[in-house]
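See below for the structure under consideration.
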Amino acid sequence: MQLRSAFCITAIFVMASLVLAQEPAKRVERGPAELTSPASGHDMFMSYCAPCHGKEAKGNGPAASALKIRPADLTALAQKNGGKYPAMKVTAVLSGQVDLAAHGNKEMPVWGKVFWRMSGGHEAEVQQRVANLNRYIESLQGK
Ligand code: HEC
């Protein structure tokens, strides 16, 4: 039983790295997506978003300079949306429904796909991850 769950975890890591490897490489190192708790928006943000958007979400993460398009300042989302945090929009961006390619090359990974594989196809867990990320990013507005 223990051996089996160890195998599953390895499989998740391999799959996550394959998903990320399909994105254009462009000098940004894309390692396997680290497994985080779906309950912690903070941990997910630090692992999956901070490399580009920065720990403080201002758009100045360590990988930002290697990107053609500057990652957005995620603390200004509400301000840019008439004072209301755009949860639906962030959800759409994460699931790949919003085509950010309109602004140039598609450099923002489609996290929904990564989360889907990470959860072994459990939609409820994917939604939990997106909801908790949203809650965390909302808490950063205006900081
Ligand atoms: C590989 C770098 C990279 C990573 C990792 C990344 N992003 Fe982005 N993100 C970008 C870039 C670049 C843009 C700007 C794209 C554009 O304007 O076309 C962007 C744009 C966005 C936008 C749109 C903002 C707006 O004002 O329209 C949101 C929301 C967003 N990212 C959220 C996230 C979240 C949440 C995570 C973590 C789960 C994340 N990003 C991880 C690079 C990244």
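In plain terms, the residue of 80, 58 with the fewest other Cβ atoms within 10 Å comes first and the most crowded comes last, giving 80, 58. Amide H contacts for residue 60 (H built 1.01 Å from N in the peptide plane; partners 5 or more residues away or on another chain; cut-off under 5 Å): 54. Of 107, 123, 56, the sequence from fewest to most neighbouring Cβ atoms within 10 angstrom is 123, 56, 107.
Residues 95, 47, 65, ranked from the fewest to the most other C-beta atoms within 10 Å, line up as 65, 47, 95.
FYI, it's all coordinate maths here, none of it is from the lab. Note that the coordinates shown come from a computational prediction; the quantities given were computed from them, not determined experimentally. We place every Cβ from the backbone using ideal geometry, glycine too, and count neighbours over all the protein chains shown.
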